[in-house]
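Structure record follows, encoded as structure tokens.
The values are calculated or read from the model by the stated rules, or taken from the named source; none is laboratory data. Nothing here was measured: the structure is a model prediction, and the numbers come from that model. Neighbour counts are summed over all protein chains in view; Cβ atoms, including those assigned to glycine, are modelled from backbone coordinates with ideal geometry.
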């Protein structure tokens, strides 16, 4: 080790520095190798060398699991951590739409991991989604962070470059990248971007064979239907993927399932349009199948259940503008809300502006109906109120809160009774129980808080 010393004008070291120089020069010179201090020092050094040799002989810790995966491009530690979070079993299950936890789409999951290793655009789209979810969970941020925008920019740049290549539309991974961008646009509230991505998605599907192409890919069909329905409920515009021809034949012509939870409530006698009656009965039947799957812990296969969901959604959307009866139209809108809520990603919150506007307008007309105060009708209105509140964050809408209070105050005072009424219409226990109870208690609490507020005098206003 070197040290600087001060010099006088004659070039000699100052007295204090000369003492330091002599001390350094004599270091270890007068030290006896057999002294106790020397032996202790030698023993300490030998022990340190032994420990160092032992540490060097230990194997290196195993690498992170994702370091062993040959991704489509090399990833840094932050990106690997994002993927680790999103693909951990618990996060993967929590991030799925509720219905996907009841329906088996395992083939898509296997293809997804292949695309992560082969397609850079798909890898970046997954990182974009992972960054958005991580921001929401870790930071409780409403606005996405820089990582999300970085990966989103890379995804779009790579995708645009690839779309100019021949036969790009034939790659399933490309189609799923556009689908992911559609879901992200929905989560960001970007209606213009959502329209653009859905339009591109529609063109790719048409080039691949149209609806017939989707029928062979139930998972893809499920998610495209979900985002297409979301688009319609947000904007009120025509769906991109609604088939040109819709069959009105019931999916379940013979209702053979006996569900002990089903009550004697007959909702169909309040629905005037026979086409809507058929859809309602098919939805009830499908819900019973899902509840049986929850009870037995067995998931339905995607290729058998997706056609049922597709038929229900297509018929509900096709009836837009064709129902003159007020209550029947209100039921149709609530059935769309019920269907959409079960398909939606938990991390994707969107404002169904059109659905909210239509429900508010239609519900105002219900008071004029003669059957308004009939007991079974009130039970149906309660179901509509809870479903709408869950889909529209209804406890923030005064009109919906007032409607809820009108049906609850005297008739349904507890959640146990509420759950019984909801099950009598249609209710998926494994999906709707927790959010339904939260919605019920929030609305009920809002009612109690409103009653407990002191009246203001004119002077206070």
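Observations, loosely collected:
- When we screen 165, 143 for residues that are outside any helix (DSSP H, G or I), within 26 Å of residue 117 (Cβ to Cβ) and out of contact with any strand residue (DSSP E or B) (no Cβ under 9 Å at 6 or more places or on another chain), the only hit is 165.
- Taken over the range 186-200, the criterion of being more than 13 Å from the chain's Cα centre (by Cα) and part of a helix (DSSP H, G or I) is satisfied by 191, 192, 193, 194, 195, 196, 197, 198, 199, 200.
- Residues of the range 369-398 that turn out to be within 24 Å of residue 236 (Cβ to Cβ) and modelled with pLDDT under 75, as a count: 7
- Among the conditions (1) part of a helix (DSSP H, G or I); (2) modelled with pLDDT of 80 or more; (3) under 24 Å from residue 111 (Cβ atoms), residue 72 misses just one, which is (1).
- Of all the criteria given as (1) assigned to a loop (DSSP other than H, G, I, E, B); (2) under 29 Å from residue 100 (Cβ atoms); (3) modelled with pLDDT under 85, the one not satisfied by residue 427 is (3).
- Cβ-Cβ contacts under 8 Å between residues 6 or more apart (or on different chains), taken from a first residue in the range 111-125 that is closer than 16 Å to residue 86 by Cα to a second residue that is modelled with pLDDT of 85 or more and not in a helix (DSSP H, G or I), are listed as 123/73.
- The listed residue being under 21 Å from residue 314 (Cα atoms), under 23 Å from the mean Cα position of the chain (by Cα) and in the same structural domain as residue 98 (by TED's automatic domain parsing), out of 152, 175, 229: 229
- When 51, 93, 41 are checked against the criterion of being modelled with pLDDT under 75 and not assigned by TED's automatic domain parsing to the domain that holds residue 145, 51 stands alone in meeting it.
- Of the listed requirements (1) at pLDDT below 85; (2) assigned to a helix (DSSP H, G or I), residue 434 misses just one: (1).
- Out of 441, 421, one residue alone is assigned to a helix (DSSP H, G or I), modelled with pLDDT of 75 or more and within 22 Å of residue 362 (Cβ to Cβ). It is 421.
- Any hit, the range 292-304, residues being under 20 Å from residue 322 (Cβ atoms) and at pLDDT below 90: no
- Every residue from the range 304-327 that is over 22 Å from the mean Cα position of the chain (by Cα) and within 18 Å of residue 250 (Cα to Cα): 304, 307, 308, 311, 312, 314, 315, 316, 317, 318, 319
- Members of the range 218-251 found to be free of Cβ contacts under 8 Å to residues at least 40 places away in the same chain and surrounded by 14 or more Cβ atoms within 10 Å (Cβ to Cβ), listed by number: 228, 241, 250
- Put simply, of 306, 322, 349 the only residue that is buried (at least 22 other Cβ atoms within 10 Å of the Cβ) and more than 24 Å from residue 421 (Cα to Cα) is 306.
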